[in-house]
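Scroll down for the structure; my scribbles are underneath it.
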Amino acid sequence: MRLLIVEDNPDLAQAIAQAFAVHDIRCDLAANAGDAELLIQTTDYAALILDLGLPDEDGLVLLQRLRGNRRTMPVIVVTARGESEMRIKGLDVGADDYVVKPFLFAELHARLNAILRRQSGYADTVLRVANLALDPRLREVTIDGRPFELSAREIELLELLMRRSGHVVPKRVLEDQLFGSGDALGSNAVEVYVHRLRRKLEELAEVKVQTVRGIGYMLSCA
């Protein structure tokens with residue numbers, strides 16, 4: 001899962017990103033509305049953590065524009081503006097939740113989980129394809145009910161493929177979700193992880209990871 005944190009305080013942004021990383025949630029950072037929009041245009045984020053006091057424009061203006069452009073990703077507003085009128089305005093223009101600074105990270109994480117549980121694409125239900133199962137919440141993989149060990153990034157790749165089982169996942173989507181805009185990315189990074197995952201699954205799992213040349217990859221029953 002990948003989030004976008006739009007926050008002009010670099011220390012706070014890094015602290016939030018590091019706290020999410022403990023839960024295997026990757027984060028990209030944007031310090032202003034302009035950079036945020038560029039990232040949103042190229043990356044499929046699970047959710048947006050949005051500060052309102054941005055240097056180039058008010059965060060609510062950005063949020064309103066995103067909703068006007070049919071960007072439906074969940075948005076949690078995180079701001080020092082705690083007045084009830086501001087909370088109402090934030091929710092009215094399209095925020096899914098509103099957290100007032102200072103806050104405990106545990107609260108932000110819990111609110112994010114609650115929102116994502118309501119999103120069918122990221123619901124905390126066990127994913128199943130043939131004899132392979134993945135629990136997105138616990139980050140646990142089983143084959144025929146027995147634990148199957150994968151690295152954190154292999155699990156993330158497997159989740160992306162399982163959520164779109166039977167459909168091709170474009171390579172660009174996998175790059176964005178696995179590595180994001182801030183990670184160094186070799187030209188064959190996705191291929192390397194697909195090869196590793198395919199090699200580990202092929203002996204026990206009744207699935208196959210197909211390469212659709214020039215497009216991406218697809219998980220299907222073997």
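Data overview
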{"read-out": "Failed condition for Val173, given (1) of a type in the set (Val, Ile, Thr); (2) modelled with pLDDT under 90; (3) in contact with a Lys or Arg (Cβ under 8 Å, 6 or more places away or on another chain)", "value": "(3)"}
{"read-out": "Strands (runs of 3 or more DSSP E) (entirely within segment 49-137) containing at least 2 residues that are within 27 Å of Ala15 (Cβ to Cβ)", "value": "75-79, 97-100"}
{"read-out": "Residue check for Arg128: farther than 19 Å from Asp24 by Cβ, modelled with pLDDT of 90 or more and surrounded by 15 or more Cβ atoms within 10 Å (Cβ to Cβ)", "value": "no"}
{"read-out": "Any hit, segment 21-44, residues being at positive phi and in contact (Cβ under 8 Å) with a residue 60 or more places away in the chain", "value": "yes"}
{"read-out": "Of all residues in segment 80-116 being modelled with pLDDT under 85 and in contact with a Leu (Cβ under 7 Å, 6 or more places away or on another chain), the one that is surrounded by the most Cβ atoms within 10 Å (Cβ to Cβ)", "value": "Gly90"}
{"read-out": "Candidates Ala114, Ala95, Ala106, filtered to the one that is within 20 Å of Ile40 (Cβ to Cβ) and either free of Cβ contacts under 8 Å to residues at least 24 places away in the same chain or aliphatic (A, V, I, L, M) (or both)", "value": "Ala95"}
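The values are calculated or read from the model by the stated rules, or taken from the named source; none is laboratory data. Bear in mind that the values here come from a model prediction, so they are computed numbers and not experimental data. Neighbour counts are summed over all protein chains in view; Cβ atoms, including those assigned to glycine, are modelled from backbone coordinates with ideal geometry.
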